[in-house]
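What follows is calculated from the coordinates using simple rules that are stated; it is not laboratory data. On a predicted model such as this, the values are computed, not experimentally measured, just so you know. No Cβ is skipped: glycine too gets one built from the backbone with ideal geometry, and neighbour counts run over all protein chains shown.
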Amino acid sequence: MGGQPMFILSEDAERTRGEDAQSSNIQAGKAVAETVRTTLGPRGMDKMLVSDSGDVVITNDGATILEKMDIEHPAAQMIVEVASTQEEEVGDGTTTASVLAGQLLAQAEDLLDDDVHPTTIVEGYHAASQLALDAIDDLVLDEELDDDLLQSVAASSMTGKGTGDINAGALAETVVAAVRHAETGDGIARNDIALRTQTGAGASATELVEGVITEEEPAHAAMPRSVEAANVAVLDLDLDLQEANIDAEYNVTDVSQLEQALDAEEEELAGYADTLVDAGVDVAFVTGDIADRVASVLGKEDVLAVESVSDDDASAIARATGSTTVGSLQDLESADLGHADSIHVESYGGDDLTFVEGGENAETVTLFVRGGTEHVADELERALNDALDVVIAALTEGGVVPGAGATEIAIADAVRSGATSVEGRKQLAVEAFADAVDVLPRTLAENTGLDPIDALVDLRNRHDSEGVAGLISEGQSGNVGDPVDAGVLDPAAVKREAVESATEAATMIARIDDVISSS
Ligand code: ADP
Ligand code: MG
């Protein structure tokens, strides 16, 4: 016996094993899911997140909350990943997915306590998630995805988000119009839909602009602030003297030589302006700087020029107007110019924004998001982003299912029925999965101020008799009813992704029995 102990880890490494490791991971995962639980659904509350530097974000969006929370525990981070994957893949349902993952972990913990082996839990959860996905497919509405229906989908995703109780219907209409604009023969060009927030007006002033909005303003006060039927140049360069030129030392021996040198610079600068005018440019968007001298000549010639345009805006403007971005003035030809019906500069408080509307290839549209304050506008932007994503997901990824917890009630029911044909202890895990799914309608009830047990019983009864039952919240109250009639609809893809990513994270965490952290 005995002999030397063998060290395979460095002295600094920390190690937690077996049940301790499992339990600490599960606790961490559950805790993270718990933090977003109260935000679920139209009656969910918001979170205020304050960063180190004092920046404040007020939001109801699961992915945003988890991302800003700066979570360190590795298992907890996997729940954050569930939310961010959900956001990337379908753009909505982040709270649903993380709450489900947390509850799958809670159920797994009970099973482990009852000596069900982790592998059995993993197998049971996978079998159950397949049953759940099949149930979702069965729930897909076979109605045509017309504008009315899509507006319901958009409105469902926005209820309870910084939109307040203002006309969510009007916003939903704007969202669907934006998506219809970006529809092409083969899909939807999501990149053709931009969002631009601007404070100073209520959310109901949010509108759809057929074109691009850039934050920059005219480079010179003498320039026109509005140009109709404009020939547009997009220039990726500086309309200024080259650095080397400015720094060059002149060997000046008399005043006339100095004047000559300065004249030469003036001439060069004026030459830039002339080149644009000669090419027939009415409006120029420049990514670099425009020298004052150039700007003033352009102003005299009635040319509107905007400097420091971001690369993203420049390429959006180029696409919208059908112009070719030019990197050097010598290369500018009239064929490079694009066209827009109207380019105008508008003032909002202290900010000037330049609108490029009715471009030659006017596929690009911008949701001009208004809010009374920056916090409101930012939260509304997140809500509109979700709404755009759900409409696109409904159109391109397999339709819509009833919302308000109805799909979850049906999933739990289907998984419970399916459990009977699963052998051995695995059956316990399948049943536990069904119980975990119940957390979603239960939470919707809680957040509406209803008794969760009573609500669940009502929902199940109604589901058994009518085939579909949701907890529809209207104003202050919540009632059991048919979400399809009430227009509460979610994309099937959001539910599928939530089931898949939550199952994946929960089974991954449950399988870990050893945590080795090196420092
Ligand atoms: P998530 O981050 O998961 O999208 P939300 O806070 O957006 O979380 O809540 C989404 C849930 O709210 C979905 O299940 C959706 O069906 C439900 N929902 C939306 N509108 C209503 C409504 N009027 N009544 C009841 N539930 C609703
Ligand atoms: Mg949502």
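Summary table below
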item: Which of Ala270, Ala229, Gly280, positive extreme of dipole for the range 185-293 (C-beta unit charges); result: Ala229
item: The range 383-456: GluC sites (Glu not before Pro) in DSSP loop, at most 16 other beta carbons within 10 Å; result: Glu397, Glu423
item: Cα shape, the range 1-155, gyration tensor, a/c 1.5 rule; result: oblate
item: Reachable lysines, given that their alpha-carbon falls under 29 Å from the alpha-carbon of Lys161 and they are not under 8 places away in the same chain; result: Lys30, Lys47, Lys68, Lys495
item: Global form of the chain, assessed from the alpha-carbon gyration tensor, a/c cut-off 1.5; result: prolate
item: From phi via Karplus (6.51, -1.76, 1.60), per-residue ³J(HN,Hα) for the range 502-511 in Hz, x at Gly/Pro; result: 5, 4, 4, 5, 5, 5, 5, 5, 5, 7
item: Amide H partners (placed H, <5 Å) of Ala194, local residues excluded; result: Val365, Thr366, Leu367
item: Karplus-derived HN-Hα couplings along the range 452-457 (A = 6.51, B = -1.76, C = 1.60, θ = phi - 60°), whole Hz, x at Gly and Pro; result: x, 5, 4, 4, 5, 5
item: On Cα atoms only, tilt of 74-89 relative to the major axis of the chain in degrees; result: 60 degrees
item: C-alpha long axis of helix 311-321 to longest principal axis of the chain, angle in °; result: 80 degrees
item: Backbone HN-Hα couplings from phi across the range 46-51 [Karplus 6.51/-1.76/1.60, Hz, Gly and Pro as x]; result: 9, 10, 10, 10, 10, 7
item: Met69 long-range amide H proximity, modeled H, under 5 Å; result: none
item: Rounded if a/c under 1.5, otherwise prolate or oblate - the range 272-374, Cα gyration tensor axes; result: oblate
item: Of all DSSP beta bridges in the chain, antiparallel share, percent nearest 5; result: 70 percent
